Amino acid sequence: MPVNSLSRKFLEKIKLPFFLICISLSVFLLLYFLNTFFLIKNIKIESIEKSFNGIEELKKRSLIFISENEIKEAIIKKNTGIDKVEVEKKYPRTLILKINLYNPIVNLLTSQGYFYLSSQGEIISKSKTPNTKLPIINYYQKLNFQSYKAGDFLTFKDIKSTLYLIKEVSDLNIVIDNVDMNGVNMILFNIGDKKIIFSSEKDTGLQLYQLQQIVRQFKVEGRQFKEIDLRFDKPVIRF
């Protein structure tokens with residue numbers, strides 16, 4: 001068989017593999033170039049002055065190959081007390097983050113200290129002493145201080161209902177001193193020498209509506225109350 005014929009057959013055999021290798025190499029080089037060129041170099045955080053975990057690790061990623069959801073999840077997973085993360089990509093190498101934090105709204109008394117809780121039930125931080133600017137929840141069954149860490153969420157239905165009530169009552173410009181949770185059917189708000197009693201078994205929205213109506217009426221009439229008990233179908237008011 002002539003040499004030229006053998007050479008042509010050999011070239012025919014290697015042409016496709018060689019072509020595929022060239023294509024693969026070209027794609028690899030292109031991806032490498034894009035990854036390197038768009039590697040995150042600058043991260044600007046529009047938030048309060050606080051350091052966040054996981055920020056430096058983002059600089060190992062390429063702006064073009066990481067999604068906004070990945071960035072949000074990475075930051076929320078490695079930090080506590082984060083409400084929302086907004087992400088803006090500024091090509092070629094800058095990442096702008098706007099991080100909103102939960103603020104604690106209450107101290108929860110535990111076996112050996114206090115949990116500072118957000119309105120969502122997240123433990124923002126733990127302390128041996130209460131935050132004096134926040135009301136205290138006295139829960140009928142004290143939680144173990146050591147069994148929880150910052151970033152954990154409390155899922156107890158009665159505690160979550162109480163947190164919601166605290167937020168809504170505070171929005172009525174009522175300053176709460178402390179809250180006694182003496183059982184499933186009694187959530188007692190102490191407000192100076194006044195008391196407001198809620199039930200965790202009665203519809204929360206209805207109780208808040210009834211309270212709003214009473215507070216507005218008393219403001220118009222210039223009257224004061226000693227106790228409002230919202231556990232019943234018709235609220236009981238004591239003067």
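Since every read-out is calculated from the coordinates, none of them should be taken as a lab result. On a predicted model such as this, the values are computed, not experimentally measured, just so you know. For neighbour counting, all protein chains shown are included, and Cβ atoms are generated from backbone atoms with ideal geometry for every residue, glycine included.
Here is how the numbers come out for the structure above:
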{"item": "Cross-link pairs Lys50/Lys160; Lys59/Lys89; Lys195/Lys226; Lys78/Lys157; Lys41/Lys89; Lys157/Lys202 - those with Cα-Cα distance over 18 Å", "result": "Lys50/Lys160; Lys78/Lys157"}
{"item": "Helix 68-78 axis, angle to the chain major axis (alpha carbon atoms, nearest 10°)", "result": "60 degrees"}
{"item": "Helix-derived mean residue ellipticity, 222 nm - over the chain, DSSP H n ≥ 4, -39500 (n - 2.57), to 500", "result": "-11500 deg cm²/dmol"}
{"item": "Antiparallel content of DSSP bridges confined to segment 106-238, in %, to 5", "result": "70 percent"}
{"item": "For segment 52-195, alpha-carbon Rg and Dmax in angstrom", "result": "18.7, 61"}
{"item": "Cα-only Debye scattering, segment 42-101: base-10 log of I(q)/I(0) at q = 0.18, 0.27 Å⁻¹", "result": "-0.55, -1.33"}
{"item": "Against the rule of thumb 2.2 N^0.38 Å, how large the Cα Rg of segment 125-239 comes out", "result": "1.13"}
{"item": "Cα-centre dipole for the chain with unit charges at Cβ (Lys and Arg positive, Asp and Glu negative), debye to 20", "result": "960 debye"}
{"item": "Residue (of Phe153, Thr94, Asn53) at the positive-pole extreme of the chain, dipole from beta-carbon charges", "result": "Thr94"}
{"item": "Surrounding net charge for Thr94, when Lys and Arg each add one and Asp and Glu each subtract one, Cβ distance under 10 Å", "result": "+4"}
